[in-house]
1. What residue among A:267, A:112, A:313 has the largest mean-square fluctuation in a Gaussian network model of chain A, using Cα springs under 10 Å?
2. Can you give the helix-only mean residue ellipticity at 222 nm for the protein assembly as shown, where every DSSP H stretch with n ≥ 4 adds -39500 (n - 2.57) and the sum goes over all residues, rounded to the nearest 500 deg cm²/dmol?
3. For chain B, with a Gaussian network of springs between Cα atoms less than 10 Å apart, report the residue from B:96, B:15, B:229 with the top mean-square fluctuation.
4. Please report the antiparallel percentage of DSSP beta bridges with both residues in chain A, rounded to the nearest 5.
5. Antiparallel as a % of all DSSP beta bridges within the protein assembly as shown, to the nearest 5?
6. Quick check: Cα centre of segment B:270-333 to Cα centre of segment B:85-102, how many Å?
7. Using the beta-carbon distance between residue A:376 and residue B:372 and R0 = 22 Å, what value does 1/(1 + (r/R0)^6) give for FRET efficiency, to the nearest 0.05?
8. Quick one: 3J(HN,Hα) in Hz for segment B:360-365, Karplus 6.51/-1.76/1.60 with θ = phi - 60°, rounded, Gly and Pro as x.
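The values are calculated or read from the model by the stated rules, or taken from the named source; none is laboratory data. Just so you know, these numbers come straight off a predicted model, no measurement behind them. Don't worry about glycine lacking a Cβ; one is built from the backbone with ideal geometry, like all the others, and counts go over all protein chains shown. In case anyone asks, the SASA skips ligands and DNA or RNA and just uses the protein heavy atoms, side chains included. Shrake-Rupley method; radii C 1.70, N 1.55, O 1.52, S 1.80 Å.
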Number of protein chains: 2
Amino acid sequence: MPEVLDIGDGSQDALLVRIRAGGHEGWGECEASPLTSISSYVCPMSHSACKPLRYSLERKNIDSVSDIQMIGAAVHENSLDLLQADHTLSGIDIALYDLLGKKMNEPVHSLIGFKQVYPKLPYASRLFGSTAAETYEKAKKTRADGYRAVKFGWGPFGKDSVEKDADQVFAAREGMGADAYLMIDAGTVFKQDISLAAKRLDMLKKANTYWFEEPFINGALNAYKSLSLTEPGVPLAGGEGCNNIVQAEAMIDHAGLQFIQIDAGRIGGITVSKKIADLAALRNITYVNHTFTSHLALSASLQSYCGMEKHFISEYPVELKSLAREITKEHIVPDDQGYIHVPEGPGTGMTIDTVALSKYLVDVEIIVNHKVLYSTPEL
Amino acid sequence: MPEVLDIGDGSQDALLVRIRAGGHEGWGECEASPLTSISSYVCPMSHSACKPLRYSLERKNIDSVSDIQMIGAAVHENSLDLLQADHTLSGIDIALYDLLGKKMNEPVHSLIGFKQVYPKLPYASRLFGSTAAETYEKAKKTRADGYRAVKFGWGPFGKDSVEKDADQVFAAREGMGADAYLMIDAGTVFKQDISLAAKRLDMLKKANTYWFEEPFINGALNAYKSLSLTEPGVPLAGGEGCNNIVQAEAMIDHAGLQFIQIDAGRIGGITVSKKIADLAALRNITYVNHTFTSHLALSASLQSYCGMEKHFISEYPVELKSLAREITKEHIVPDDQGYIHVPEGPGTGMTIDTVALSKYLVDVEIIVNHKVLYSTPEL
């Protein structure tokens, strides 16, 4: 966006990945810092386990799902010590699936083995207003727009008194009505402080909060586990900060979560998301997507678990900036019953609107020892 | 280095951080991809939790240890969704401690509260030879050079048969002698495959291996835990891939490790290393540094645990490329008894050899929308 505001809205910029092979084209999106991720793709090799991502990708064949999985495995080996790698791989993996789907004329969810897909109940994902009154208005409008589920998060939550947070939460509940699903997202505000988070449980319980999300930083297993055992019990959700499967597995096994939230744009794409969805089903906790950006990201997120009926709810961003909205020509909109459906077109089922995007294109040039390693390509 | 080889030698490039304030200068080093880390420092803001690292650092006051801790906390909040952030923060944190130490005329270990320091037994950290015979020669030379402890790792280990690995391990043992500490580093080669790793335990036990390092990828808690309970028991070491305190805590609590290995150049610097050293002591497992680069990195690593007598062993790189060797004017060398000592000079006690380094300096330029965000400064 021409102007990026200092708010928790991840739709203000975007890093798109375009991969071309055999006359086909696939698109993916990283939920990640664009410049940093681009650098990880083109950087000079530091040593055998710190190679740029392009090393594992370019000039490889893509004829099957296992070819995509092999590229992911190669990235993990060749870029083991490159911390940013998983964020960059995420968009690459999605683009590879899109490419393969377009080549095979099949949606991604068929490629990864789902025989049947199920609708999901979208929850409107919103930022808290700066006042409880503003949150009430947002909630009321959300319900009027037809949503039966909402999540409020970030903004002032956790930064002042318990009472102020309670005002916010009850305002959200009042605006949505007693029968709606209401989720609260603390945005990691309590770091690892269990007592600060525990003080919010009473009011969250009273407001019939469906889940309490990310009270702590990702991976703080002991803090999550301890809070999950604290009365009155409120179901915990977390995991969006995971960037690989073992981190998600640790959250599933040791954090007392009832909902594991995975961002396909951070965790390594559809390959890794699908593995975690399967693992969640096995361990009897609910898998939910984390998506706060475009409908390309939303489609990619849905692919990994659209065939799993019990995992019925889906994060649905409703405050998208124009950039994120304009990335795709198609949009995933709720049907008459208020459910969303995974696209049935080939790949992710999304067409990138390169004409609309051209006004947002950022010129980047990275030069190392007088050699241009990266220069923004034509759209 | 002018030429970077495709081997597991992390001393082939370096990312140095120089911070100037109040007429003083501090230096740190990131064990990380230089271009990617630089980009994370200067990248445009994506949203409130994805800001460049410079946002949390520049124009802040540095008068005390708590000022440094506050900068680390600010980075974690402002760059929460920037995956590379911890690798970049590591060199910054070290440079800030060096700066503060120089200002206060005290070594870092005094600043962080150690009243007394203890010598460490250096283990020579080496790559396996391509053949067992080559490894034998390396081991023999290591012993002749006065080292009583050695670690061999990476290279062919785990990539062929158990017998070939055993040949390598017994060659290392033979070359070092029966009374030496011998550690084996699998370099994550078995990913999460417990049975492949378990097949190596018998021969590792027979060779009296002091620890078996990183059989699996970092964070694979279940695989580590399971192997730690498999007979014949060989003590496990791991953790170098951790990039924050909660990941290290998970490895300490759930992976069955007897040694936790922390790289101050990846985990967030001296601030976080020290916290993990304290945690390890509390949980009764041994803290060890991970260092495979310069003596600046080695000094930074030693600062965090030099006051802890029971944690007696230290990784000591002996195959440094000239670049890593020439970063510092001083070097930490074993004394007559074969022990190393943390430097007593102010800060990290190291002087950066800017003249020697000038021949290695890499010209980098990062331009976004015609604005130069980064250009390699003068040394």
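1. A:112
2. Theoretical 222 nm ellipticity from helices: -10500 deg cm²/dmol.
3. Residue with maximal mean-square fluctuation among B:96, B:15, B:229: B:229.
4. Numbers: 13 of 39 bridges.
Here the antiparallel bridges make up roughly 35 percent for chain A.
5. Details: 32 of 84 bridges.
In the protein assembly as shown, DSSP labels about 40 percent of beta bridges as antiparallel.
6. 15 Å
7. On the way: r = 15 Å, r/R0 = 0.70.
Efficiency computed from Cβ-Cβ geometry: 0.90.
8. Going residue by residue, I get 9, 4, 9, 7, 10, 9 Hz, with x marking Gly and Pro.
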